[in-house]
Structure formats: structure tokens, C-alpha cells
Amino acid sequence: MNGRVIPIEPAGGPGKSAAFEYLTTRKDELIGWARKFSIFPYPFVTACCAMEFMAVSSTPYDTDRFGAALPRFSPRQADLLMVVGTVTHKQAPILLKVYEQMCEPKWVMAFGVCATSGGFYQNYAAVPGIDRIVPVDVYIPGCPPRPETVIDGIMQLQDKIARSQHLIVNDRF
Amino acid sequence: MGAEILDRVMTRLAKGEEARVTHGILVLDLAPGAVADAVRALRDDFGFDMFLDVTAVDWPGRDPRFDVVWHFYSTKHKVRVRVKAGVPGADPAAPSLTALYGSAAFMERECHDMYGIRFEGNADLRPILLYEGFVGHPLRKDYPKRKEQPLVPYREEAGP
């Protein structure tokens, strides 16, 4: 469940060689480069941050430049879970179910201060940060975040994806 | 036109101390047992045809501890009226108005969630905003401000 960055198979064993190590690094780079420009977000939109999400998705800021424009409204087709807005305790089981339905590799973005820490909702109703429920890769502060902040968050996530190791890279590939 | 109907309401339903005008709204302070009849009169005889809301106020240390507050609106006369009833903290119960106004059912459920007021006559007081298994009533003054009752167990290590 925590395997959002999937470690490569340990390279020890009979197939280990300097050439394999070198190729693995290069292939990780290649796949990372491809993956970071094909993010398919699932917008888990619960509150007012949705307006900012629409603003950043549409023409003036245009997240399509980062390959992250096309929302998939099924978690099974998405690899980036964007949690946009306050998550209440009553909603937490739904968030967890959506997260568990997503296929690996998957990333989670906490969009706005409520998803990040609960914001000013420190009470009986709100989850104080979605990282209590699901692992989070990138936090975007702000109430709501400026579009520039969101784009910065997407770019940081891209860097993280590009630097990751990818399970499909093994000694047969 | 509005003032005239309020005068008639005041004469008919309340005597002296029980009725006053605050913030431009007529307030009727009634005993819980008198609410149902008074509201029936408001609806049938004075045209207060719209149930706006029901909520409660918690006064810790006061007896009776809770005030249950209803608001009604007359779409004909364009005036509002507020009905209040004090109920004890030990067993807070108020009459349900579902027989008079269908829309009272959900709002009474919310008030029951938040303050634990039992509305006698409302057959369905399941949680509406809270969830099954929630212990206590979060808008009471003695509910700890930051007490959480998570449905999903928290992860061991929070953070990235």
C-alpha cells in the first residue's frame, strides 16, 4: 500500500553486471521522462479549492503543458490522486477506497491547506491532513493555492517521478 | 402589515414576559409542552407556512440547560417568528413538528446529532451529518474541541 515509488528488484544475483547497472539507470531515466509527462489525475474534489482547480486546469495556466490535463473519473484509469479540499472523517473511507482502487504506480497530491493539514478545521469533523489516511507525495499550501503554486507542485512531482526507479525496468528489458 | 399580524400573534399566543421583539423578530418563549399547539396556531391561523430551521443553544450551568429554537416564516405576511423552549440537560426532549411541517424531519435529525435533543414524535433520528458510532454531541459546550473519532485508522507514519 505504501509502494508509490516501487524499488527495482535487487540487482544482486547471477544477472548482475556493470552493463546491466548502466542500462538500468538509463532506462529508468527514459521511463521516468515518459511517465512525468503523462500524468492522469483523478480529481477527488470536495470543497471550494475546486474553483482553483478549474482555474489552473483551464486555458490561462493550462496544466496540459505538463501532460496533466485530462482528468480520469475512474480511479482505475488514473495515476495521480488530487485531493482537492477538506476531507471529513465521514469521507475518509471513500478516499481510502478510491486510493486502493488505483493501479501502481500512483501518486497523491494534497491540494490546498485543508487536504495538507486540515487547515483551520481542527475539530470533530475534519481529518487533520490526508496523510493520516493515504501517503502523500506532494503538498500544495494555500487557501486556496495560487495557480503558480499548483504548477510548482506539479513540477516537483514530475521531478520526483523522473528520479524514481520503475518496476518495469528489469534485466529482461 | 407585518406589525399587525405580530400584534395578533402576541395577544393570542403569549402573555407579557413570554413574548418580545428583539432584532426585529417576534420571540415567543414557551414551555416545551406548549410548543406544538402554539405552532399549530401559527401555521393554521396566522399563515406561518414555512419552517425555516430548528436548532439549539447550550447554556452550561444554566437550568434548563438547552434552548431549542425554531424559526417560522409567513410567505403571505413576509414576517418571521422565533419560538424558544428551554429543555433540561438531564433528558433534553422537545416535541417534534414533523406532523405539521414535513421539512422539520431532517432539521430535527441534525439538531439531534449536534446537541442530543430528543424530538418526541420524530421516528427517524438516525445521524444525518455525523456517522454511526459517533459518541457524544459535538456542538455541546462540554465536547472537547479537538476530539476526533476517525472512521479509518490513522497511518503509522504520517508525512511523505
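The values are calculated or read from the model by the stated rules, or taken from the named source; none is laboratory data. Keep in mind the model is a prediction, meaning the values are calculated, not measured. When we count neighbours, we look across all protein chains shown, and the Cβ atoms used for this are built from the backbone with ideal geometry, even at glycine.
Of everything in segment B:119-131 that is of a type outside the set (A, V, I, L, M) and more than 10 Å from chain A (Cβ to nearest Cβ), the residue that is nearest to A:I133 (Cα to Cα) is B:R126.
Would you check which residues across segment A:152-173 are in a helix (DSSP H, G or I) and more than 13 Å from the chain's Cα centre (by Cα) and list them? Hits for segment A:152-173 are A:D152, A:R163. For A:P71, the test of being at pLDDT below 90, under 22 Å from A:K160 (Cβ atoms) and not hydroxyl-bearing (S, T, Y) is passed.
The residue that is farthest from the other protein chains (Cβ to nearest Cβ), counting only those in segment A:103-129 that are touching a residue at least 60 places away in the same chain (Cβ under 8 Å) and surrounded by fewer than 23 Cβ atoms within 10 Å (Cβ to Cβ), is A:E104.
Remark: B:L97 matches the filter, which requires a residue to be in a loop (DSSP other than H, G, I, E, B) and touching a residue at least 12 places away in the same chain (Cβ under 8 Å).
The set of residues in segment B:39-67 that are part of a strand (DSSP E or B), without any contact (Cβ under 8 Å) to a residue 60 or more places away in the chain and either aromatic (F, W, Y) or in contact with a Pro (Cβ under 9 Å, 6 or more places away or on another chain) (or both) comprises B:F51, B:F66. Among all residues of segment B:123-139, there is none that is of a type in the set (A, V, I, L, M) and not in a loop (DSSP other than H, G, I, E, B).
Every condition in (1) within 14 Å of the chain's Cα centre (by Cα); (2) part of a loop (DSSP other than H, G, I, E, B) holds for B:D91 except the one numbered (1). When A:R146, A:R132 are checked against the criterion of being within 10 Å of chain B (Cβ to nearest Cβ), at negative phi and charged (D, E, K, R), A:R132 stands alone in meeting it.
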